[in-house]
Amino acid sequence: NAAIDAVVAKYPPGRQASAVIPLLDLAQRQMQRQTGSAWVPRVAMDTVAKRLSMPPIRVYEVATFYLMFNTRPVGKFHLQLCTTTPCWLRGSDDVVKACHAATGVKHFGETSADGLFTMTEVECLGACVNAPILQVDDDFYEDMDAERTKALIAALRRGERPTPGSTTGRQTSAPEGGATTLTTLEFPASIVATGD
């Protein structure tokens, strides 16, 4: 397969095993295109192991360690909810409750009856300053609360894909209300005069 060869070619001879994560990602995205569910079946893991001359158990270890890989089918929309301390302090419990109510999913790891939504509890998504975070597939929705969560899920049901990022409109990780420092590119006259 040309896509596999292109990935493996990025690694020096003897180090092809380093391609395990990109190849698992490639397999998961291929499954999503073909079935509508982003996951990596065992046969794909075995194919990756064979292509990289690795014991299959090593590929299974990678696929089950990283939360980015799903080892069983997921819904069309994979709702990944961070509930670690920064998100929890900013209201992730309300986001979780809203997801349960809007999707009908009762527990993490389950898929809604209509097959649209799978909910997964995840560790820190690395965007703590904009907590709480709800990741949908590859997109981060930040500054979530119960009402914005319900609106997002309703939009997804309608076939819309809202713009990722802050749901309150703040720019990147600026404080609520906008930037408070470095709001101008003008330099004080004393710096301009001395050239410091």
Might you tell me the accessible area per residue for the chain, computed with a 1.4 Å probe and given in Å²? 59
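Kindly work out what percent of the DSSP beta bridges joining two residues of the chain are antiparallel, to the nearest 5. Numbers along the way, then the final one.
Numbers: 7 of 15 bridges.
Counting only bridges with both partners in the chain, antiparallel ones make up about 45 percent.
At 222 nm, what helix-only mean residue ellipticity would the chain give, in deg cm²/dmol to the nearest 500, using -39500 (n - 2.57) for each DSSP H run of four or more? Numbers along the way, then the final one.
Details: 8 runs with 78 residues, N = 196.
Here the helix-only value at 222 nm equals -11500 deg cm²/dmol.
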Under 16 Å from residue 106, Cα to Cα: aspartates and glutamates that are on another chain or at least 8 residues apart: 93, 94, 114, 121
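Rounded to a whole number, what % of the accessible area of the chain do carbon and sulfur atoms account for, probe 1.4 Å? Working shown, then result.
On the way: 6480 of 11560 Å².
Its accessible area is 56 percent carbon and sulfur atoms.
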The chain - Rg (one decimal) and Dmax (whole number), Cα, Å: 21.3, 69
Can you give me the Cα centroid spacing of segment 122-168 and segment 19-51 in angstrom? 26
Percent relative contact order for segment 44-141, counting Cα pairs under 8 Å at least six residues apart, stands at 30
Sequence of 76, 97 from largest to smallest accessible area, 1.4 Å probe: 97, 76
Under a plain spin-label model, where a point goes 7 Å from the Cα along Cα-to-Cβ, how far apart in nm are residue 121 and residue 42? 2.7
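Lys and Arg at +1, Asp and Glu at -1: add these up for the other residues within a Cβ distance under 13 Å of residue 8 and post the number. Spell out each step's value before the answer.
On the way: positive: 10, 15, 50, 51; negative: 5.
Result for the local shell: +3.
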Calculate the FRET efficiency for residue 180 and residue 138 from the Cβ-Cβ distance with a Förster distance of 25 Å, rounded to the nearest 0.05. 0.20
Give me the percent of Cα-Cα pairs in segment 42-84 that sit more than 11 Å apart, rounded to a whole number. 70
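The values are calculated or read from the model by the stated rules, or taken from the named source; none is laboratory data. It should be emphasised that the depicted structure is a prediction, and the values quoted were computed from it without experimental measurement. With ideal geometry, Cβ positions are generated from the backbone for all residues, glycine too; neighbour counts draw on all protein chains shown. Accessible surface is based on the protein model in full, side chains and every heavy atom, while ligands, DNA and RNA are left aside. Shrake-Rupley method; radii C 1.70, N 1.55, O 1.52, S 1.80 Å.
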